[in-house]
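To start, the structure under review is shown below, and the notes come after it.
The values are calculated or read from the model by the stated rules, or taken from the named source; none is laboratory data. These numbers come from a predicted model, not from an experiment. Glycine gets a Cβ as well: all are built from the backbone with ideal geometry, and neighbour counts include every protein chain shown. Ligands, DNA and RNA are stripped out before the accessible areas are found, and what is left, the full protein with its side chains, is counted by its heavy atoms. Shrake-Rupley method; radii C 1.70, N 1.55, O 1.52, S 1.80 Å.
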Amino acid sequence: MQNWITEFMEQFGYFGIFLMIALENVFPPIPSEVILTFGGYMTTISGLSVVGVVIAATAGSVCGAVILYGIGLLLDVERLEKIIDKWGRFLRVTREDIYKADAWFDKYGYWTVFFCRMVPLIRSLISIPAGMSNMKFSLFLIFTTAGTLIWNIVLVMVGAAVGESWEDIVHYMDIYSNVTYAVIAVGIVLFLFLFFRRKRKS
């Protein structure tokens, strides 16, 4: 996949970066680390600029985030209520659980979106609960763009700084991603354990 991504970016330049990052947001297995660090490297061997690469990547990321936000809107709380009414007894989930989660996201959602834009995998998926909670779209764009911009600037500038050694950065980012995935997996297991134990007691 890495070779295909880099060849596509070399052929289409800024548009290729925009499209790859947009797809990465909708399809998380595409690694943004490769796109951004290689994009930074390309600024040292082509007519592309760091500013241009960052703008193209940020625009693509926001575009992908908006698509997932729209999907979240289709899966709003009312639809979830219908699902819970039908299947909740098997999942041991109630409407109250949905309301609590929605209230939590209403309170902390904007900063959650901002910080999660710098976390692999979560950076893409966080747009869906933002849409589900009907987060104000203008604020969603602001916090998404801000978090994305920081992530993009760092990786593009690192890619430009290390030049031909950009793949070494991808290696270290893979380690960061794997650690993140492990933490997420442990967090999910722990959450489910505590959730079902509380349900059993009640």
Pairs with Cβ under 8 Å, 6+ apart, first in region 102-123 and open to solvent by 20 Å² or more (accessible area, probe 1.4 Å) and at pLDDT 75 or above, second part of a loop (DSSP other than H, G, I, E, B) and not hydroxyl-bearing (Ser, Thr, Tyr)
110/135; 112/126; 116/126
Residue identified as surrounded by 24 or more Cβ atoms within 10 Å (Cβ to Cβ) and modelled with pLDDT of 85 or more among 35, 55, 17, 67
17
Residue that is farthest from residue 38 (Cα to Cα), among those in region 136-150 that are in contact (Cβ under 8 Å) with a residue 40 or more places away in the chain and surrounded by 22 or more Cβ atoms within 10 Å (Cβ to Cβ):
140
Only listed residue being open to solvent by 10 Å² or more (accessible area, probe 1.4 Å) and under 14 Å from residue 32 (Cα atoms), chosen from 154, 162:
154
